[in-house]
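To start, the structure under review is shown below, and the notes come after it.
The values are calculated or read from the model by the stated rules, or taken from the named source; none is laboratory data. Note that this is a predicted model, so its numbers are computed, not measured. Every residue, glycine among them, receives a Cβ derived from its backbone with ideal geometry; neighbour counts consider all protein chains shown. Heads up: the accessible areas ignore ligands, DNA and RNA and are worked out on the full protein's heavy atoms, side chains in. Shrake-Rupley method; radii C 1.70, N 1.55, O 1.52, S 1.80 Å.
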Amino acid sequence: MVIDEDISFIKNYLKYPQPLVWATSDDDFSFDPKAIFNAGIQNHHIANTAYPIAHRSTIWNYRLKPDEYADAIQASFAVNDEFCLYAHIPFCERRCGFCEYVVMDSHDEETEAVYHQALMSELALYVAMLDKRVKLGGFDIGGGTPALIQPHRIGQLVEQATKAFNLQHDFSMSIETTPKIAATMPDRLANFRSFGIDRISMGLQMVNPKLMRQYGRDINKVGYNRKAVDSIRKAGFNRMNLDIMYGFASQDVEDVIKTVQYAVNLSPEYVTLYRMRYKGTKIVNESTQIHLAKVNRMYEAASALLLSERYEANPGKNTFSKVQGDSGASAYLTKRVAHSVPYLGVGLGAQTFANNLLAYNLGAATKKMERYCDAVNRQTLPIQDLYRLPLGEGMAKMIAVSFYFGEIQLNSFQKIFGVTLQQRFPKEIAFALNHGFMQYHGDTLRLTKQGARVFNGLVALFYSNAVKRYLLEGGQHETL
Ligand SMILES: C[S@@+](CC[C@H](N)C(=O)[O-])C[C@H]1O[C@@H](n2cnc3c(N)ncnc32)[C@H](O)[C@@H]1O
Ligand code: SF4
């Protein structure tokens, strides 16, 4: 087994010398799956798809120097025949109490113009750098609230990206809005549609007024949601997603059911269930007040209702779709998750992952845009940290991302790493299969209903040894 593995790596290396996935001596050791599974459950607020955990104590040594960035990026993106693009718009009317994203404290026309210029310049740096034979497979404009900025600025962004790169035959674009903007500025939606954006996602989140007040979410006020959906339909969108959040300490299962029923009555093509992630939010202290069993009851009640309304999703998958053959997620996310297509993130704090290269833009930690804009104005890549991940970390990142859809794609894994998932994780897979937590389904290893309840323990089985060790030592101290 070890010999086969080595040969695959050599073959891969000869083909693409730069993005070599190194093995480290740490990769040879394997922990007891049961201990790791338990540590993942115990640290369920951090053991999830947002990998890696605790950068400083786990992946810090794999950072490259700034003068190595351009070569590493070029090489990593040249490996595949397509990539996806994400542009981050860090503005909102006000920050919701639960939000985990990179959102600035204020928004005004001047700041928006400066940021937009920087974003366009950053994209231009990548346009000049990336191999044009690699096609653009999907483009997400997210945030924050991208619908909040002047629509012509979204148009310019779309034009720059779609003119610079060859587009994949199934290329498509998605954008995010709040109910308030969709309800009160319908012209914007028509503009987005005219730019070729064909999917729109709106944050419904919750319908309990008490919860909305508690988290400062008045952009969902009664009256906006129905009007917003009417405007979205009138603008010509027939791919609409509604986001719903669950897992709050002061929310009960009934609240979640009411929200899902409300969403279903708005007839979206897709519904995405977001389990509250506390790390880095203003309400991080609430994380200890909610138990995994209650969170699972919320997900299961929401899921059962959606399935009964003919929305489809396998256990553990968060996006439910009513459209046959459509995952419900954007092309950008679907390709990222289901096919491990590399993704480039531009904008404040954006994340990039291409094979074994992982990067975070400036602003990821500070949520301030000055350093990001300064870097771009100096014509340098606005990267805060760029890592060339070793084998165990690259695999863990790929698998954590694929758990968004509740399954690991076996062919994609083998294609990237030159070994099968079964060769690399025999004990871990046996543990998951023997407990009835996962099962083979076509070309995937998929969560069962029972497995979806203990997803945090299962995803941890595939983490790198450094991160497993961190979880075993009690986790949380660095991240929460
Ligand atoms: C970037 S937001 C964009 C939507 C838009 N700004 C809005 O709030 O209506 C994408 C989604 O992430 C989810 N979200 C926000 N904070 C989260 C958190 N801390 N944990 C999990 N999901 C979160 C929400 O469901 C939100 O709709
Ligand atoms: S949830 Fe949406 S509107 Fe609220 S702060 Fe986050 S990105 Fe902005």
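Tell me, please, whether a residue that is hydrophobic (A, V, I, L, M, F, W, C), more than 25 Å from ARG310 (Cα to Cα) and within 15 Å of ligand 2 (Cβ to nearest atom) can be found in the range 219-231. Taking every residue of the range 219-231 in turn, at least one turns out to be hydrophobic (A, V, I, L, M, F, W, C), more than 25 Å from ARG310 (Cα to Cα) and within 15 Å of ligand 2 (Cβ to nearest atom).
Checking each residue in the range 385-400 for being open to solvent by 10 Å² or more (accessible area, probe 1.4 Å) and hydroxyl-bearing (Ser, Thr, Tyr) picks out no residue at all.
Got at least one residue in the range 89-112 being within 26 Å of GLU407 (Cα to Cα) and at pLDDT 95 or above? No: the range 89-112 contains no residue that is within 26 Å of GLU407 (Cα to Cα) and at pLDDT 95 or above.
Sub-9 Å Cβ pairs linking a first residue in the range 420-444 that is open to solvent by 70 Å² or more (accessible area, probe 1.4 Å) to a second residue that is at pLDDT 95 or above and of a type in the set (Asp, Glu), at least 6 apart or interchain, are HIS441/GLU407, ordered by first then second residue.
On the given criteria, is GLU112 part of a helix (DSSP H, G or I), within 16 Å of ligand 1 (Cβ to nearest atom) and more than 30 Å from HIS169 (Cβ to Cβ)? In short, yes.
Test ALA128 against the stated conditions and say whether it is over 24 Å from the mean Cα position of the chain (by Cα), under 25 Å from ALA75 (Cα atoms) and open to solvent by 10 Å² or more (accessible area, probe 1.4 Å). In short, yes. For the range 223-235, state whether one or more residues are closer than 26 Å to ALA87 by Cα and acidic (Asp, Glu). The answer is no; no qualifying residue exists.
The set of residues in the range 159-182 that are within 16 Å of ligand 2 (Cβ to nearest atom) and either part of a strand (DSSP E or B) or surrounded by fewer than 16 Cβ atoms within 10 Å (Cβ to Cβ) (or both) comprises SER174, ILE175, GLU176, THR177. Across the range 167-203, the qualifying residues are those that are in contact with a Phe, Trp or Tyr (Cβ under 9 Å, 6 or more places away or on another chain) and touching a residue at least 60 places away in the same chain (Cβ under 8 Å), and the one among them that is nearest to ARG239 (Cα to Cα) is ARG199. The one condition from (1) part of a helix (DSSP H, G or I); (2) surrounded by fewer than 16 Cβ atoms within 10 Å (Cβ to Cβ); (3) basic (Lys, Arg) that ARG153 does not meet is (2).
Can you give me the number of residues within the range 310-357 that are in a strand (DSSP E or B), crowded, with 19+ Cβ neighbours inside 10 Å and not polar (S, T, N, Q)? The number of residues fulfilling the criteria is 8. Every test in (1) without any contact (Cβ under 8 Å) to a residue 40 or more places away in the chain; (2) within 16 Å of HIS55 (Cα to Cα); (3) over 18 Å from the mean Cα position of the chain (by Cα) is passed by ARG378 save one, and that test is (2). When each of ASP105, ASP71, ASP67 is tested for being away from ligand 1 (no atom under 12 Å from the Cβ), farther than 27 Å from GLN379 by Cβ and among the acidic types (Asp, Glu), the lone residue that passes is ASP105.
Residues of the range 401-412 include at least one that is hydroxyl-bearing (Ser, Thr, Tyr) and open to solvent by 10 Å² or more (accessible area, probe 1.4 Å). For the range 148-181, the tally of residues that are within 14 Å of ligand 1 (Cβ to nearest atom) and under 23 Å from the mean Cα position of the chain (by Cα) stands at 8. For the structure I just gave you, tell me whether GLU110 is more than 16 Å from ligand 2 (Cβ to nearest atom) and either of a type in the set (Asp, Glu) or over 26 Å from PHE248 (Cα atoms) (or both). So GLU110 passes the test. The combined condition, being more than 17 Å from ILE244 (Cβ to Cβ) and in contact with a strand residue (DSSP E or B) (Cβ under 9 Å, 6 or more places away or on another chain), is fulfilled by LEU157.
Inclusion of PHE98 among residues that are in contact with a His (Cβ under 7 Å, 6 or more places away or on another chain) and open to solvent by less than 20 Å² (accessible area, probe 1.4 Å) is not warranted.
Return the residues of the range 20-47 that are open to solvent by 20 Å² or more (accessible area, probe 1.4 Å), modelled with pLDDT of 85 or more and of a type in the set (S, T, N, Q); say none if nothing qualifies. Those that are open to solvent by 20 Å² or more (accessible area, probe 1.4 Å), modelled with pLDDT of 85 or more and of a type in the set (S, T, N, Q): SER30, ASN38, GLN42.
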